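The values are calculated or read from the model by the stated rules, or taken from the named source; none is laboratory data. Just so it is clear, the structure is predicted and the values come from calculations on it, not from any experiment. So basically every Cβ, Gly included, is an ideal-geometry build from the backbone, and we count neighbours across all protein chains shown.
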Amino acid sequence: MVYNIRGTSGTGKTTLVREIMARYEERKPIFIEGRKRPIGYVLTRPRHSFVTRPLFIVGSYESVCGGCDTITVRTDVYKVARQYHAAEHDVIFEGLLCSDECNHTMQFHIDGIPITVVALNTPIEVCLERVNARRRAKKPNAEPVNPKNTIAKARTMAKVMERFKAAGMRTYWFDNPGALDFMVKDLGLAVPE
């Protein structure tokens with residue numbers, strides 16, 4: 001299965017993926033020529049689970065804002081996701097720029113590759129506060145982010161999700177705890193009862 005985590009800036013996409021990564025005992029960064037940061041990670045040996053299928057996370061998670069936004073060439077995100085899915089890995093990719101784009105994500109579905117799109121419905125006010133906190137952490141006197149852009153991106157994402165749903169894709173809207181619960185269960189990472 002391929003999973004695309006979507007949301008505007010500050011929704012918690014990267015935090016969600018890091019929480020999933022923490023459920024695995026082994027994480028191997030994968031490097032490609034010309035990149036100092038990993039193109040992604042192969043995760044194996046999940047804690048409290050009998051899942052044997054490895055998970056591939058696309059993008060670098062070495063900085064505060066991680067994910068696919070660390071990959072300059074956007075088509076590389078989808079190429080790497082397809083490569084690891086073909087090698088029988090589950091795959092997760094997220095990033096603000098991936099949230100703005102829908103055609104490559106839709107192409108997985110068109111090509112018969114099972115894909116689940118998980119959108120985070122974090123309130124805009126929370127998103128803006130998180131983004132502004134990150135800006136202040138880098139530069140204490142930073143101007144607040146313009147809320148118009150974040151609001152516009154949230155509206156665009158809602159339209160994209162409707163387009164995915166109309167195409168018959170597996171789509172879900174969650175708050176952050178709900179998204180984590182869903183992902184843990186769907187990946188088979190839940191603690192056996």
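Observations, loosely collected:
- Residues that are within 24 Å of residue 20 (Cα to Cα), in a loop (DSSP other than H, G, I, E, B) and in contact with a helix residue (DSSP H, G or I) (Cβ under 9 Å, 6 or more places away or on another chain), drawn from region 145-190: 169, 187, 189, 190
- Filter result (among the acidic types (Asp, Glu) and over 20 Å from residue 169 (Cβ atoms)) within region 58-104: 62, 69, 76, 88
- Single unsatisfied condition, residue 64 versus (1) of a type in the set (A, V, I, L, M, F, W, C); (2) more than 13 Å from the chain's Cα centre (by Cα); (3) closer than 27 Å to residue 166 by Cα: (3)
- Each residue in region 25-56 was checked for being among the small types (Gly, Ala, Ser) and touching a strand residue (DSSP E or B) at 6+ places or on another chain (Cβ under 7 Å), and 1 of them qualify.
- First in region 90-108 and within 20 Å of residue 9 (Cα to Cα), second anywhere and crowded, with 21+ Cβ neighbours inside 10 Å and basic (Lys, Arg), Cβ under 6 Å, 6 or more apart: 94/13; 99/6
- Restricting 90, 100 to residues that are at pLDDT below 90, surrounded by 14 or more Cβ atoms within 10 Å (Cβ to Cβ) and either over 26 Å from residue 41 (Cβ atoms) or of a type in the set (D, E, K, R) (or both) narrows the list to 100.
- Selection of first residues in region 173-193 that are more than 14 Å from residue 117 (Cα to Cα) and of second residues that are modelled with pLDDT of 90 or more and not in a loop (DSSP other than H, G, I, E, B), restricted to Cβ pairs under 6 Å at least 6 apart or on distinct chains, gives the following pairs, ordered by first then second residue: 190/184.
- Enumeration of residues in region 122-131 that are more than 18 Å from residue 142 (Cα to Cα) and either in contact with a helix residue (DSSP H, G or I) (Cβ under 7 Å, 6 or more places away or on another chain) or crowded, with 18+ Cβ neighbours inside 10 Å (or both): 122, 124
- Close pairs from region 7-18: first farther than 14 Å from residue 68 by Cβ and of a type in the set (Gly, Ala, Ser), partner surrounded by 24 or more Cβ atoms within 10 Å (Cβ to Cβ) and at pLDDT 95 or above, Cβ under 9 Å, at least 6 apart: 12/120; 12/179
- Residue list for region 1-48, restricted to those being crowded, with 18+ Cβ neighbours inside 10 Å and in a loop (DSSP other than H, G, I, E, B): 7, 8, 9, 10, 11, 12, 23, 38, 39
- Restricting region 49-87 to residues that are within 16 Å of residue 26 (Cα to Cα), out of contact with any helix residue (DSSP H, G or I) (no Cβ under 8 Å at 6 or more places or on another chain) and β-branched (Val, Ile, Thr), the residue that is surrounded by the fewest Cβ atoms within 10 Å (Cβ to Cβ) is 52.
- Residue 59 vs. criteria at positive phi, touching a strand residue (DSSP E or B) at 6+ places or on another chain (Cβ under 8 Å) and not charged (D, E, K, R): yes
- The residue of region 161-187 that is surrounded by the fewest Cβ atoms within 10 Å (Cβ to Cβ), among those that are farther than 21 Å from residue 126 by Cβ and among the aliphatic types (A, V, I, L, M), is 166.
- Qualifying positions in region 126-155 - of a type outside the set (A, V, I, L, M, F, W, C) and touching a Pro at 6+ places or on another chain (Cβ under 6 Å): 132
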